[in-house]
Amino acid sequence: ALENGEFIVYLQPKINLEKSEIVGAEALVRWNSQDGLISPGEFIPFFEKNGFIVKLDLYVFDCVCRLLQDWENRGIAPIPISVNLSRNHLLDPQFLKKYEAIQKTYGIASHLLEFELTETVVFENLELLKNVIAQIHAAGFQCSMDDFGSGYSSLNMLKDIPIDTIKLDQVFFQTNHGNTQRARDIVGGVLSLAKTLGI
């Protein structure tokens, strides 16, 4: 499927609500199989188990760098794009070198690229994660925590892990899940905390 170009990268925009403008994007992958589009929820867990997710993540990163280079060649102002980083990569202490090689091949400024980690990674090995984020920052990339608040998040994590961005879990914004005002208060509190921490 990878060799046949069946994996397609879509960009989900990140919008500044005050200015109503696109300020970034997240790269999302879909599988355009012979049976139609397959969502990540169906194939990502399987690929994480068999290890193929590592190749797929690198492919998505390559596509993003190629796209940013194309924009720059056409005089289109680039925006930062984030890519998901599977925990499988963390098993290889040198994994970031592959990403840096791709970035340098296309000549993309590192600040235009961000890695997204899910909060479940944090609780598997906190020290390892701190080291990985230090490497990511040393290479000039940004780092965000996805699905924050979905299950394992703690204030202790924010204290120990120097992430650049928090992505709150969507459950806080769904009106059909209990006390809406309470959810708003929590979101407001996290925003205030993030501002104080420079996140």
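Here residue 158 meets the list (1) aliphatic (A, V, I, L, M); (2) at pLDDT below 80; (3) farther than 22 Å from residue 48 by Cβ; (4) open to solvent by 40 Å² or more (accessible area, probe 1.4 Å) almost entirely, failing just condition (4). Determine if the range 36-44 includes at least one residue that is among the hydroxyl-bearing types (Ser, Thr, Tyr) and part of a helix (DSSP H, G or I). No, that holds for no residue. A count restricted to the range 172-183 and to residues that are in contact with a helix residue (DSSP H, G or I) (Cβ under 8 Å, 6 or more places away or on another chain) and surrounded by 12 or more Cβ atoms within 10 Å (Cβ to Cβ) stands at 3. Count, please, the residues in the range 1-37 that happen to be over 19 Å from residue 63 (Cα atoms), of a type outside the set (D, E, K, R), without any contact (Cβ under 8 Å) to a residue 24 or more places away in the chain and surrounded by 10 or more Cβ atoms within 10 Å (Cβ to Cβ). Counting residues in the range 1-37 that are over 19 Å from residue 63 (Cα atoms), of a type outside the set (D, E, K, R), without any contact (Cβ under 8 Å) to a residue 24 or more places away in the chain and surrounded by 10 or more Cβ atoms within 10 Å (Cβ to Cβ) gives 2. Of all residue pairs spaced 6 or more apart or on separate chains, those with beta-carbon atoms under 9 Å, a first member in the range 64-89 that is touching a residue at least 24 places away in the same chain (Cβ under 8 Å) and closer than 17 Å to residue 7 by Cα and a second member that is of a type in the set (Gly, Ala, Ser) and in a loop (DSSP other than H, G, I, E, B) are 65/107.
The values are calculated or read from the model by the stated rules, or taken from the named source; none is laboratory data. The model shown is predicted, which means the values in this text are computed figures rather than measured ones. As a convention, Cβ positions derive from the backbone with ideal geometry for all residues, glycine included, and neighbour counts pool all protein chains shown. Areas reflect the complete protein model, heavy atoms only, side chains present, ligands, DNA and RNA absent. Shrake-Rupley method; radii C 1.70, N 1.55, O 1.52, S 1.80 Å.
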